[in-house]
Amino acid sequence: MSAVDNEIIHKQLNWRYACKKFDPTKLIREQDWNILTESLRLSASSYGLQPWKFIVVQNPEIRKQLQDQSYGQTPVTEASHFVVLTYKETLDEAHIDRHVAEAAKSRGVEAATLAGYRNLMVGDLIKGPRFETIKWWAQRQVYIAMGSILTTAAMMEIDTLPMEGLNAAGYDKILGLEGSGWKTLAAVACGYRAVDDKYQHAKKVRFSAADVIEYK
Ligand SMILES: Cc1cc2nc3c(=O)[nH]c(=O)nc-3n(C[C@H](O)[C@H](O)[C@H](O)COP(=O)(O)O)c2cc1C
């Protein structure tokens, strides 16, 4: 049995749209925001390695600076909450060890028993050919988290705007990320739609299920 009715899920998936104009007077309650940050933190990632950091920017002055690096998009300053999604630029053994230590702690086993798992990850992602494109691997993981917050917010009737329309280097500078190993990938504005955001009434543009879902 589904925890949530199928019709409700489908309705909310259609309810979600890329909100272009937020009502700056409507704020997300703290308990709701905490669920949205959990949707980021609990996202799936390859090997569970979580090569991400999510920076919630609530300082209006910093948000104004970020807006200037986002083609002036108003959700940056008008949405209730604004989160910048960053990825780990290069993967190192220290990060894998940190994950292995966390796994050992969470599951109540000795880290040494996870040596095979650790070596598999190091061999694949750091010592293997995939290391050459590891930043793209990290970016893909962060996009999974982006999908997760968009869908979770829709279930909560909280509006979002996923944003790639930004100057990532400019964000890195403003957020003090230069030289930190973390890089801006994208952002998500979260809040409540303005009544006059005309995009909420636009029909969804999607290829048909027959076109994009294939059964063999
Ligand atoms: C990764 C990603 C980046 C996006 N960047 C922007 C953006 O910078 N500005 C914007 O107005 N919309 C942006 N969008 C919204 C898309 O244009 C929108 O999701 C798409 O047209 C489908 O419409 P819908 O989300 O309303 O169903 C982005 C969407 C995604 C998934």
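FYI, it's all coordinate maths here, none of it is from the lab. Given the structure is predicted, the values throughout are model-derived calculations rather than measurements. Cβ placement follows ideal geometry from the backbone for every residue including glycine, while neighbour counts extend to all protein chains displayed.
Can you name the condition, by its number, that ILE144 falls short on among (1) in contact with a Phe, Trp or Tyr (Cβ under 8 Å, 6 or more places away or on another chain); (2) assigned to a helix (DSSP H, G or I); (3) closer than 30 Å to LYS21 by Cα?
(1) is the only condition that ILE144 fails.
For the stretch 61-75, indicate whether the set of residues that are within 14 Å of the ligand (Cβ to nearest atom), under 23 Å from LYS183 (Cβ atoms) and small (Gly, Ala, Ser) is non-empty. Full working, then the answer.
Initially, the stretch 61-75 is screened for residues within 14 Å of the ligand (Cβ to nearest atom), giving 66-67, 69-75.
Filter again for under 23 Å from LYS183 (Cβ atoms), leaving 66-67, 69-73, 75.
From what's left, small (Gly, Ala, Ser): 70, 72.
So far as the stretch 61-75 goes, yes, one or more of its residues are within 14 Å of the ligand (Cβ to nearest atom), under 23 Å from LYS183 (Cβ atoms) and small (Gly, Ala, Ser).
On the basis of being within 21 Å of the chain's Cα centre (by Cα), in a helix (DSSP H, G or I), touching a residue at least 60 places away in the same chain (Cβ under 8 Å) and more than 19 Å from TYR17 (Cβ to Cβ), does ILE134 make the cut?
Details: within 21 Å of the chain's Cα centre (by Cα): yes; in a helix (DSSP H, G or I): yes; touching a residue at least 60 places away in the same chain (Cβ under 8 Å): no; more than 19 Å from TYR17 (Cβ to Cβ): yes.
Criteria not met by ILE134.
Being over 26 Å from ALA18 (Cβ atoms) and not β-branched (Val, Ile, Thr): is that true of ASP68 here?
Working: over 26 Å from ALA18 (Cβ atoms): no; not β-branched (Val, Ile, Thr): yes.
Judged against the criteria, ASP68 is not a match.
When you scan the stretch 1-46, how many residues do you find that are part of a helix (DSSP H, G or I), under 30 Å from TRP136 (Cβ atoms) and of a type in the set (D, E, K, R)?
2
Taking ILE213 as the residue in question, decide whether it is under 25 Å from GLU7 (Cα atoms) and either of a type in the set (Lys, Arg) or buried (at least 20 other Cβ atoms within 10 Å of the Cβ) (or both). If you could, list the steps in order and put the result at the bottom.
Working: under 25 Å from GLU7 (Cα atoms): yes; either of a type in the set (Lys, Arg) or buried (at least 20 other Cβ atoms within 10 Å of the Cβ) (or both): no.
Answer is no for this residue.
Scan the stretch 158-216 for residues that are under 30 Å from ARG29 (Cβ atoms), assigned to a helix (DSSP H, G or I) and away from the ligand (no atom under 14 Å from the Cβ) and jot them down. Walk me through how you get there before you give the answer.
Going residue by residue through the stretch 158-216, those that are under 30 Å from ARG29 (Cβ atoms) are 158-166, 171, 174-177, 182, 184-202, 204.
Restricting the remaining residues to those that are assigned to a helix (DSSP H, G or I) gives 171, 174, 198-201.
Passing the criteria: only ILE174.
Might you check whether a residue that is touching a Ser or Thr at 6+ places or on another chain (Cβ under 6 Å) and without any contact (Cβ under 8 Å) to a residue 60 or more places away in the chain occurs anywhere in the stretch 67-85?
For the stretch 67-85, residues touching a Ser or Thr at 6+ places or on another chain (Cβ under 6 Å) and without any contact (Cβ under 8 Å) to a residue 60 or more places away in the chain: present.
Select, from ILE9, ILE35, the only residue that is over 18 Å from ALA145 (Cα atoms) and either more than 16 Å from the ligand (Cβ to nearest atom) or touching a helix residue (DSSP H, G or I) at 6+ places or on another chain (Cβ under 8 Å) (or both).
On the way: ILE35 fails: over 18 Å from ALA145 (Cα atoms).
The conditions single out ILE9.
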